[in-house]
Structures are given as C-alpha cells and as structure tokens.
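The values are calculated or read from the model by the stated rules, or taken from the named source; none is laboratory data. Keep in mind it's a predicted model, so treat the numbers as computed, not measured. Ideal geometry is used to build each Cβ from the backbone, glycine not excepted, and the neighbour counts take in all protein chains shown.
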Amino acid sequence: MSSQRKLNKDNKRHPGIDDLPLTIVLDGEGVILQWSSKARAMFGWNNREVIGLPFHKTILPEKHHIDFLKLLASYERSSTEHLLHRAIEISACGKDHAEFDISMGISPVIISGERFCICYISDITERKMVASKMTLVKQLSEQNTQLIDFCNIVSHNLRAPLVNMSMLVDFIERSGDPGEQKMLISKLRPVLENLHATFNELVESIQIKQNLEIEVEDIQIQECMRRTLDGLQAEIVKLRAHIKADFSEAPVLRYPPKYLYSILHNLVSNSLKYHSPKRQPVITVKTVKVDGRIVLSVSDNGLGIDLNKHRHNFFKIGKVFHRHPHAKGFGLFMTKTQIEAMGGRIWVESVPDEGTSFFVEFKN
Amino acid sequence: MKSIFLVDDDPIFVFLTRMIISSAGTTSEISEFSDGQMAIDFLNNNANSPEFLPDIIFLDLSMPVMDGWEFLKEYVLLEPRLKKRITLYIVSSSISPHEVERAKTFQVVSDFLIKPLEEERVAEIINASPDAGRRL
C-alpha cells in the first residue's frame, strides 16, 4: 500500500481538518481580531465587516449579551482560567438575522502578556433537529400506546357492564314473572355502580394526563404519610400491621399534594390488602436520594407476586393478581398515571410469598 | 346432558349466561370458575377422568390471577392429554379486532363470541357439540 493511500485511509478514519470547529479570535475585551472563511460561511459577514466589532453584539442575540459580558469580566479577574470549561449550546444569529443553534467553547490564551480569547463554534441546527425529531417520535409512540390502552379500556372495562345491563334489561322485559323481574332489577344496581366507578377512574386518569399545570408545593412527606395512615387506620389496627417510616434522607418533596397523598395511600393500602396471612404485616416506607433525585419506596412482607408472569401488565387498568373481593385493578394504574404525568417513574420488585417493594423516582 | 364450564370472574355475567343456557331450552350442567388458574387446575387434576371434564368451555379474557390468554397458553399444552374432546369458545366483552386476531392464533379456540351472548347461538353451540366426546 502506498503511503499516500494509507494516509487517505487514515483520513477516513480520523476527522479531517475541515471537520474542526470554526474558530474566531477575540482580544481580551471580546473584540473580533480574526474571522475565518468558515465564519464567513456560517454567519454571512466578511472580514472587513466584523473585525474590530464586539463579538457578542455581532453574532449573539441580545438575550445572551449580559451573560457573555459577565464571562469576559470573570476572565479578566482570573486571567488564565478557562472561560468555558466545556462547550455550551446557545443561539446565534448571522447577517440575515436568522437565529440558529450553535455549540460554543471559549479558551483564553495569553501571548506576550496580552490576553486573547479563542472561540470554537459549530452549527448544531441539524443535530438539534434530529434530537427534537427523536423526542417527538418517542412522545408520539408513547401517546399511541396510551391511546391503544385507552381503546382497550373502553372496549372492555366500559363495555362489560354495559353488556350486563342490556342483557338484564332484556330478561326483565321478557319475563312475565314479577318475582323474577324484581330479582333481576336488584342485579342492576351493582352493575351500575361498577360502570360508574370505571367511568370515574377513566375521567380522572384523563384529567391527570391533561393537567400539566397542576400546582406543586413543598410537602413534608412525614405529614402526608401521617394523613395516609389516618385514612387507613381501621385496616392497620385490624391487621395489627407494623408500619415503619423514615424520610430523614429526603424529608421534603416538591409535588402536587393530592398526587403524593394518592400515591402513598395506594401503595400502602396495596401492601395492607395483599398481606400474607402467615405473618404480621410489616410495611416500610422511606425516601432516599439517588443521583440527586428522591426515590420513595414502599416495601412489605406480603403475598408477593410472580413478576415473570405479570411484569408486562403490572400497571395496566383492570389487572388484578390476587383473589381479593375489593380488588378492581385501578389503584396502580392511577398511581402510575399520576407519577408519569409529573415526569417520574415507578417500578416494582417482588418475590412470591416474601413481599413486594414499589419504588417511585420523582423528577427534580 | 352437556357439561359446560364458565370461566369468568363477573358474577352478573355468569348469572346471565346461566339464564341464557337454561332459556335456550337445553339441560346442561354448569360449573363456574372465577379465574383461569382455578379452571386450569381443575382440568389438570381431572385430565384422565372424562366424566369430570366439560363438553364446552366458555372462556372470558379479562380475569384476575390468570387471564384468558394465560389460560390458553397452558391449555394448549394440556389439551392433548385430556381424555375428552372439549370445544372452547372465547366469550369477551372486548370488541377490539386486535384480540379477535390474537384468538385466531390459538387452534384450540373454536370461535370468538362477543358479549352479549345470544340465545340462538348458545343453543346452536350446545346442540352442535358431539355427544360422545370421549377420547381413548
């Protein structure tokens, strides 16, 4: 292989000189000293038009001026410190006044005692566009899943009681026996209540999804927990459940109070509902900080669940995994909807006959 | 006399299905299972006793513990061992075409009946099921 060809091959593997970011040289006060042909191509001005002008007033939109001047002032104070340790993403504008996104890094240099700044700039419009398209695609696919879920809910959970009602009414109309009619009519009430409950849950979940501007407050988690336990007092006493709560690592959460109460209530009441008859229920509720985010956990020593079987539909509406008279399969669905509406996530770990732990990570 | 298993967690619907079966003019013995697990356990335990096995299974899809799909997965494995030929129908309130398509992937499913059940169809199904479904 000739050395020339080898070089070409190497050129393909490594970024060429043309791929380096555009460079502009400024003096210590931020006045443009050197303007490259790449800069001309990106911003539209030629050398004569910009050399001698303040950098920020030339290519930065007004909203960034103050920040840039502060940056320069800090350079002046500390003389050799890096102006920007890493590239920032910022908007810039060219001769035609059109704003576009750039990535910019600034390094200070001192040559013969004189201060200069070197700006490295690259146009990231395309990258930004690709990124925003990806986000959009992700959002759309999430919304699509939600829509399919919603269709399934309407198609099943709402239709089931409707079918029952129409069948009951059919029989009532056809029956000639007043005693039988009376018996059939008595069966309408629970169906109606079921329909009502499903309908209300659905409406509430839609409201959660739409309610993007719900008010958040700083909540003392301990206080919210106390209310939760008050609400579940009867069950706790009946089961002689032992509840341990520790919020010392993260005592305060900025969140909609109604949601936090609902999340705690649902998770703790789940733990109570699915306790193991073999042992005294012990439920541990606590918050920890993981990478600056608050994670709430609710762990119990209850029945547990086989996640290999049920992981996929754990948080779906109407899913129930244990035989329990009051299990409707709404609780976890609502909890998940509330958590995700606020940008957080929920997951579960469980071992059958040992217990279940729910984890909720809140967005900062 | 036909033996029918209703695998459905909705007591009202089970009650209504009983009424329909009886008003369809057929005499049948009806057993109820409120989830798939209960039904599959029974079939497993009685696979060799055709006298305890049903002629027809009406299977709901949405149930606690083990839903209809999970039931079908286990039933497919169990079915060759059953000492009786059973006709299985899905009975669901779902009108989702996706679920109807999915049901077609199970050969053991004879048809997908959308609730409400119709008397004529139920009579047809009961009369069509073979009298001597016993397998050697």
Pair list, Cβ < 7 Å and 6+ apart or interchain, from segment B:18-33 residues that are touching a residue at least 60 places away in the same chain (Cβ under 8 Å) to residues that are in a helix (DSSP H, G or I) and surrounded by fewer than 17 Cβ atoms within 10 Å (Cβ to Cβ): B:Ile20/B:Glu119; B:Ser23/B:Glu119; B:Ala24/B:Glu119; B:Ala24/B:Ala123; B:Gly25/B:Ala123; B:Thr26/B:Ala123
Tell me the residue from A:Ile121, A:Ile88 that is modelled with pLDDT of 85 or more, in contact with a strand residue (DSSP E or B) (Cβ under 7 Å, 6 or more places away or on another chain) and surrounded by 11 or more Cβ atoms within 10 Å (Cβ to Cβ), please. A:Ile121
Yes or no: B:Val122 of a type in the set (A, V, I, L, M, F, W, C), more than 18 Å from B:Ala24 (Cβ to Cβ) and more than 11 Å from every other protein chain (Cβ to nearest Cβ)? no
Output for Cβ contacts, cut-off 9 Å, separation at least six or different chains, first residue in a helix (DSSP H, G or I) in segment A:299-312, second loosely packed, with under 13 Cβ neighbours inside 10 Å, reads A:Leu307/A:Val351
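Yes/no matrix, rows are residues, columns are (1) within 11 Å of chain A (Cβ to nearest Cβ); (2) modelled with pLDDT of 90 or more; (3) touching a Pro at 6+ places or on another chain (Cβ under 6 Å):
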| position | (1), (2), (3) |
| --- | --- |
| B:Phe52 | no, yes, no |
| B:Asp60 | yes, yes, no |
| B:Asp67 | yes, no, no |
| B:Phe71 | no, yes, no |
| B:Tyr75 | no, yes, no |
| B:Ile90 | no, yes, no |
| B:Thr105 | no, yes, no |
| B:Val108 | no, yes, no |
| B:Leu113 | no, yes, no |
For segment A:297-316, give me the residue count where each residue is away from chain B (no Cβ under 11 Å), in contact with a strand residue (DSSP E or B) (Cβ under 9 Å, 6 or more places away or on another chain) and loosely packed, with under 15 Cβ neighbours inside 10 Å. 1
Out of (1) within 13 Å of chain B (Cβ to nearest Cβ); (2) farther than 22 Å from A:Phe333 by Cβ; (3) in contact (Cβ under 8 Å) with a residue 60 or more places away in the chain; (4) charged (D, E, K, R), the one A:Arg174 does not meet is (3)
Among the candidates A:Ser74, A:Ser141, which residue alone is out of contact with any helix residue (DSSP H, G or I) (no Cβ under 8 Å at 6 or more places or on another chain), more than 19 Å from A:Ile32 (Cβ to Cβ), in the same structural domain as A:Ala41 (by TED's automatic domain parsing) and without any contact (Cβ under 8 Å) to a residue 24 or more places away in the chain? A:Ser74
Please state which of the following conditions A:Ser141 fails to meet, knowing it meets all the rest: (1) out of contact with any Pro (no Cβ under 7 Å at 6 or more places or on another chain); (2) among the hydroxyl-bearing types (Ser, Thr, Tyr); (3) within 13 Å of chain B (Cβ to nearest Cβ). (3)
Quick one: in segment B:92-103, which of the residues that are surrounded by 16 or more Cβ atoms within 10 Å (Cβ to Cβ) and out of contact with any helix residue (DSSP H, G or I) (no Cβ under 6 Å at 6 or more places or on another chain) is farthest from the other protein chains (Cβ to nearest Cβ)? B:Ala103
If you take the residues in segment A:177-205 that are of a type in the set (Gly, Ala, Ser) and closer than 28 Å to A:Gln143 by Cβ, which one is nearest to the other protein chains (Cβ to nearest Cβ)? A:Ala197
